[in-house]
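Please read the structure below before turning to the comments.
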Amino acid sequence: MMLMGDRIKKRRKELGLTQPALGKAVGVSRAAVSLWEKNENEPKGINLQNIARVLRCSADWLIDGRSEKFVSEAPANYNAGTPSAIPIFSKKNVLAYLQGDDVETVSASTELSVIAKMLGASDNCIAFQEDSIGMMPRIMPGELVVIDPSVSDILGGEWAFSVSGTVVVGILSRTPRGFVLSFYSENPGWEPVEVAPSDAVGKVVATIPFG
């Protein structure tokens, strides 16, 4: 008899997601996903709802296996068909790519595309690999940052901006003087900086372990 963990694992594999990717999208560790799938623990509350949202299935089906499996509602731009791969760039090449230059990709991933679509992002997402410790502890070196450059409403939240010729990620807020980007780094040298909307690289969709 299939238990909740078996259904989570089955649906995750149907979507081609890894445990680390599902964990990142839900907001938990890979170890937590592993415990769920081995039926050694059960997700509850917000974690259960987030799993159902990311896996595009009903929470009731995850719980009992008898309820309707699929939810009827989906993001307006969600397409259940085979997604195209999201290109992955080195951090130094992101700006050049967005400016129209012909630059090489590190890789491409349909898995990232599935996650982006589940989270309601557009088909224009790209990703870059963080290469420094500057965004720790929120983003670790080597992780992939998925951004949606097509989002035009800069209303706050987590964004990637071009600052002094490089891409940085932070929390955007609006002050009487304009927009300010605050960073996660515990390094005291990383003070909030004023940014202009024209320097926005894209809205952050997700951060995912690479490899």
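Every number here is computed from the coordinates shown, using simple stated rules; none is lab data. Everything numeric in this text was worked out from a predicted model, so none of it was measured. Please note: Cβ atoms are built from the backbone with ideal geometry, for glycine as well, and neighbour counts cover all protein chains shown.
Just subtract the alpha-carbon distance of Lys92 and Leu155 from 0.36 nm times their residue separation and send over the number in nm, one decimal.
Length gained, Lys92 through Leu155: 20.1 nm.
Please report the base-10 log of the normalised intensity I(q)/I(0) for region 4-64, using a Debye sum with one equal scatterer per alpha carbon and no solvent, at each q in 0.25 (1/Å).
The Cα Debye sum returns log10 ratios of -1.05.
So what are region 86-208's ellipsoid semi-axes, whole angstrom, largest first, if each one is the square root of 5 times an eigenvalue of the alpha-carbon gyration tensor?
22, 16, 14
Scan the chain and hand back the longest stretch that contains none of the GluC sites (Glu not before Pro) lying in DSSP loops with at most 11 other Cβ atoms within 10 Å. It would help to have the intermediate numbers written out before the result.
Numbers: sites that count: Glu40, Glu68, Glu73, Glu104, Glu186.
Looking at the chain, 105-185 is the longest stretch - no exposed GluC sites (Glu not before Pro) with at most 11 other Cβ atoms within 10 Å.
Please rank Leu119, Leu3, fewest neighbouring Cβ atoms within 10 Å first, as an exposure proxy.
Leu3, Leu119
Can you list the residues of region 11-36 with backbone N under 18 Å from a point 7 Å past the Cα of Val106, pointing along Cα to Cβ?
The answer is 18, 20-22, 24-25.
Suppose we flag trypsin sites (Lys or Arg not before Pro) only when DSSP calls them loop and at most 13 other Cβ atoms lie within 10 Å. Which is the longest uninterrupted stretch of the chain?
The longest such stretch corresponds to 67-176.
Mind giving me the FRET efficiency for Lys44 and Trp190? R0 is 41 Å, r the Cβ-Cβ distance, nearest 0.05 is fine.
Step by step, r from the Cβ atoms, then E = 0.70.
Distance check, please: which entries in Lys91/Lys117; Lys117/Lys203; Lys92/Lys117 exceed 21 angstrom between their Cα atoms?
Correct reply: Lys91/Lys117; Lys92/Lys117.
Arg174 to Ser122: FRET efficiency via 1/(1 + (r/R0)^6), r the Cβ-Cβ distance, R0 22 Å, to the nearest 0.05?
Calculated transfer efficiency: 0.40.
Which residues in region 44-63 have a backbone N closer than 19 Å to a point placed 7 Å from the Cα of Asp6 along the Cα-to-Cβ line?
Answer for region 44-63: 58-63.
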